[in-house]
Amino acid sequence: MADTVTLTLEEADALVMRALTASGTSESNARKLADGVMGAELDGIPSHGLMYVPIYCEHAKCGKIDGNAEPTIEQLSPSALLADAKSGFAHPAIDLGFSKLVPAAREFGIAALAVRNSYNCGVLGFHVSRLASEGLVGLGFTNAPASIAPVGGNRPVVGTNPFACAVPDADGEVALIIDQSSSVVAKSEITKRANAGGTIPEGWALDPDGNPTTDPKVGLTGTMVPSGGYKGVGIAVLVEILAVALSGATLGIHASSFATNDGGPPNTGQFFIAIDPVKFSGDAFYQRIGDLLDAIRAQDGARLPGARRLAARGEVPERGVIAPVALYERIKGYCG
């Protein structure tokens, strides 16, 4: 018997929608969250795709997340926006914020959106790619429950705190995506291996005493290794400043886990900056980006940041979404 199941994009999307709505999420909120889940699958990032749906469903069912929350938006100035997710999913609040962020950036050249009382926003690159598809340079930052200790310490103070950037080309397509966490790997990669009963490479995580470990379950009780040592910690702190201190969200040291039902809403935050490149350098912007990308492509074996994601977007629709049977059955179990 096969240990995986292959779904069309339509089948996978319908499955996610049924599971979310049956777990107490409104139709409109489920639609925006499902778009993010399918975006992760299309980008070849299953750790934030179907794999995350049971967690979303559990958190909606137990009340850790308000699946029916209706986000609000406040225009602080012509180019400064603040969205409140109301302890609901991040995607609806970000979607509402983008509806005002995009036109503001086009009018003024640059605009910013802060999101508070939010939740795990999934693949950060998914959101900034939407901005690039609108012809804007998109920058995104999101904090997470603390899992990285400061250099010289062994108690976590900041999360894996990713940042992302997406750049448009002259044809309105996404030319480049940079999306990386402040840790060596995203925490979801360790969770995936813990669930599968495997090991992790040394250098990904530390045990509670600060010693290297290859056991993912032990790593989840300890801390994540920052990318580039003190530089990764610095980036994580920078993200915490933007996504939390500016938005009024919850610091990672006070946020409840994204992975368990324990605690109340995480109420973490995001911060997005949208820039109209033509306002700053005209069409010469696209020439410079093209020259930069050509210089990378000209080297044998060199790979553009985000190249695998962009390639997956062309492959997944034909191949379908592949999921372990156990995961598929588990999601079906939430459909009622």
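No value in this document is a laboratory result; all are computed from the given coordinates. Quantities reported herein were computed from a predicted structural model and do not represent experimental measurements. Using ideal geometry, Cβ is built from the backbone for each residue, glycine included, and neighbour counts are taken over all protein chains shown.
Considering only alpha-carbon pairs that sit under 8 angstrom and 6 or more positions apart, the relative contact order computed for the chain is 23 percent.
Just want to confirm a number: the relative contact order over the range 56-122, from Cα pairs under 8 angstrom separated by 6+ residues, in percent.
On the way: 119 pairs, mean separation 21.3, N = 67.
Dividing the mean separation by the residue count of the range 56-122 yields 32 percent.
Give me D for the range 277-318 in µm² s⁻¹, whole number, from Stokes-Einstein with Rh from the Kirkwood sum over alpha-carbon pairs, 10 °C and 1.306 mPa s. Roughly 131 µm²/s, to the nearest whole number. Just list whichever of K61/K187; K64/K332; K192/K217; K64/K187; K64/K100 have alpha carbons separated by over 18 Å in the model shown. Pairs exceeding 18 Å: K61/K187; K64/K332; K64/K187; K64/K100.
Step by step: find N for the range 1-52, compute 2.2 N^0.38 Å, then divide the Cα radius of gyration by it. What's the final number?
Values: Rg = 11.2 Å, N = 52, 2.2 N^0.38 = 9.9 Å.
Normalised by 2.2 N^0.38 Å, the Cα Rg of the range 1-52 equals 1.14.
Peptides 209-222, 261-274 ordered by packing proxy, namely the average of other Cβ atoms within 10 Å per residue, highest first: 261-274, 209-222. Packing-based ranking of 51-58, 161-168 yields 161-168, 51-58, ordered from highest to lowest mean Cβ neighbour count within 10 Å. Centre-to-centre, using Cα atoms only, the range 243-276 and the range 96-113 are separated by 21 Å.
Over the range 37-90, the alpha carbon radius of gyration divided by the compact-protein estimate 2.2 N^0.38 Å works out to 1.45. Counting only DSSP H runs of at least 4 residues, each contributing -39500 (n - 2.57), and dividing by the residue count of the chain, the helix-based mean residue ellipticity at 222 nm comes to -12500 deg cm²/dmol. Note on T4/N68: beta-carbon distance plugged into 1/(1 + (r/R0)^6) with R0 of 41 Å gives a FRET efficiency of 0.75.
Write down, largest first, the equivalent ellipsoid semi-axes of the range 190-245 in whole Å, where each equals the square root of 5 times an eigenvalue of the alpha-carbon gyration tensor. Display every interim value, and only then the final one.
Values: eigenvalues 116, 32, 18 Å².
Rounded to whole Å, the semi-axes are 24, 13, 9.
In order along the range 78-95, the Karplus-derived 3J(HN,Hα) couplings, from 6.51 cos²θ - 1.76 cosθ + 1.60 at θ = phi - 60°, round to x, 10, 10, 10, 10, 9, 10, 7, 6, 6, x, 5, 5, 4, x, 5, 5, 4 Hz, and Gly and Pro are given as x.
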